[in-house]
Amino acid sequence: MLNNLTPFLLHWGIIALSLWVASHVFHGIKFANTPSLVVSALLLGFANAIVRPLLIVFTLPLTFVTFGFFLLVINALMILLVSAMVKGFTVSGFWTAFFASIFISVLSFIFGSFFSGGTPPIAPSQNGTWL
């Protein structure tokens, strides 16, 4: 169980750090206090793990028609969903959530690669094929 706890806490911290930086970059994102930031990061992780895949499956035809760009809308909806659930977390509108979701995704990727040592989670095997 402890083997899974460390990556979970690391991912939670990366999301919290990305949300905090996004709140300083985008004027439409505000946190009332630190607990609202921590809870928002936790709920955003759960929403991305549970709700987002369901939305992706339900909107698959629309995602194909838009060549995958509708996934950006789904990311923005996840941020708006979390802001509706957490009392101290406010997002001014859809477009703020849209551009902030892109920013948070890129920043989380950068922080994640920095903290994981720059190695991909799945490495090629000895014969050069990916597992």
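All of (1) within 26 Å of residue 9 (Cβ to Cβ); (2) at pLDDT 95 or above hold for residue 94 with one exception: (1). Checking the condition among the hydroxyl-bearing types (Ser, Thr, Tyr) and touching a Lys or Arg at 6+ places or on another chain (Cβ under 8 Å), which residue from 23, 40, 18, 83 passes? 23 is the lone residue from the list that is among the hydroxyl-bearing types (Ser, Thr, Tyr) and touching a Lys or Arg at 6+ places or on another chain (Cβ under 8 Å).
The values are calculated or read from the model by the stated rules, or taken from the named source; none is laboratory data. The shown structure was predicted, so the numbers you read here are calculated from the model rather than taken from an experiment. Methodologically, a virtual Cβ is constructed for each residue, glycine included, from the backbone with ideal geometry; neighbour enumeration extends over all protein chains shown.
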